[in-house]
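To start, the structure under review is shown below, and the notes come after it.
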Amino acid sequence: MSLSKVKHIVLVLSGKGGVGKSSVTTQLALSLSLAGHSVGVLDVDLTGPSIPRMFGIEDAKVTQAPGGWLPITVHEADRSAGVASLRVMSLGFLLPRRGDAVVWRGPKKTAMVRQFLSDVFWDELDYLLVDTPPGTSDEHISLAETLLQKARPGQLAGAVVVTTPQAVATADVRKELNFCAKTGIRVLGVIENMSGFVCPNCSQCTNIFMSGGGEVMAKDFNVRFLGRVPIDPQFLVLIETGKSPRYPAGTSINGQDISSPTDAPAEGDETRDSALLVHKYRSCSLAPIFSTITADVVANVA
Ligand code: ADP
């Protein structure tokens, strides 16, 4: 069975779309890999699979083996650098046209999710992150049921719930936490994304929306609060253009100076920008935040 070599399965959930669930999945994966844990990402967000774009592998072709698919390798393990392998499988790879899955009816979606869980050949993995569709729809329930049936006892470690300061004010996140309670999925913690803004000009992190609601909500539900993640336009630049993040002198996040060294290669330096995503991500302001979040999740799973 395809999940038999996977040690821990972690679901990434959000009550609504656009809160940064796929960005969080991507960064958890990069961060786990940087911490030496082999990781796979399974993208079953049928509402619009965005994981291939996040990893810059939109044109990758999946290979069909007898009885299933082989995931795409984003990078192999590099033991000398302490980096573990990262592989990805997305529904996006199988769609003839973008947006095709969105028009499928419930039973077809459910069948696809089931097939996806059993027919991808994952090699030895420390963590499999599952990027799920937003909400608490039929797909979720089906996914949760299938996972609970297919996983070994204890293999489904739990769920990371992503929200934003504004989404906390809505009922969506609470619905998501209630969904976990109802389906018996343990909540590993809540992440408040888009909490503040790393200004590329003034080197300040400002709160555009009120921040802190995620923490209050986590307390209400008696689940862990994993941290606040600001909006960083340099993260978007990294994803959209592949350029390494750069910050003006004095940029500080959570009291940590993350400004780019003055001897950093000039903008447009080809060698720097052709590095692997996982190495470029190290210089992103969000990397130390995710390193702390990942360490918390790993300790919690163990
Ligand atoms: P979802 O998966 O919840 O629909 P995405 O992860 O696709 O949301 O995020 C929506 C958009 O916002 C994407 O373009 C993504 O790169 C961007 N984004 C999300 N979180 C951040 C962040 N912390 N900093 C900068 N951009 C972000």
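A few comments on the model shown:
- Segment Arg114-Glu145, length gained on full extension (0.36 nm per residue, minus Cα span): 10.2 nm
- Neighbour-count ranking [beta-carbon atoms within 10 angstrom, fewest first] of Ile258, Ile72: Ile72, Ile258
- For the chain, the equivalent ellipsoid derived from the alpha-carbon gyration tensor has semi-axes of 29, 24, 18 Å in decreasing order.
- Exposure proxy ranking, count of Cβ atoms within 10 Å, fewest first, for Glu215, Glu145, Glu240: Glu240, Glu145, Glu215
- If R0 is 25 Å, the Cβ-Cβ spacing of Thr292 and Thr241 corresponds to a FRET efficiency of close to 0.40.
- Here the gap between Asn222 and Ala181, fully extended at 0.36 nm per residue and compared with their Cα-Cα distance, gives a gain of 13.6 nm.
- Over 20 Å apart at the Cα level, from the set Lys21/Lys175; Lys16/Lys175; Lys7/Lys182; Lys16/Lys150; Lys5/Lys150, are Lys7/Lys182; Lys16/Lys150.
- Calculated FRET value between Ala302 and Asp123, using beta carbons and R₀ = 25 Å, to 0.05: 0.70
- Net charge of the neighbourhood of Ser195, taken over other residues with C-beta under 14 Å away and scored Lys/Arg +1, Asp/Glu -1, is -2.
- Within region 6-301, DSSP assigns beta bridges of which about 25% are antiparallel (rounded to the nearest 5).
- Taking other C-beta atoms within 10 Å as the exposure proxy, Phe221, Phe235 rank Phe221, Phe235 from fewest upward.
- The length gained by stretching the chain between Leu94 and Thr63 to full extension, at 0.36 nm per residue less their Cα-Cα distance, is 10.1 nm.
- Each label was represented as a point 7 Å from its Cα along the Cα-to-Cβ direction; for Ser260 and Arg53 these points are 2.4 nm apart.
Quick note: the coordinates plus some simple rules give every number you see, no bench work behind them. Please read these numbers as outputs of a predicted model, since none were measured by experiment. Cβ coordinates were reconstructed from backbone atoms using ideal geometry, including for glycine residues, and neighbour counts include every protein chain displayed.
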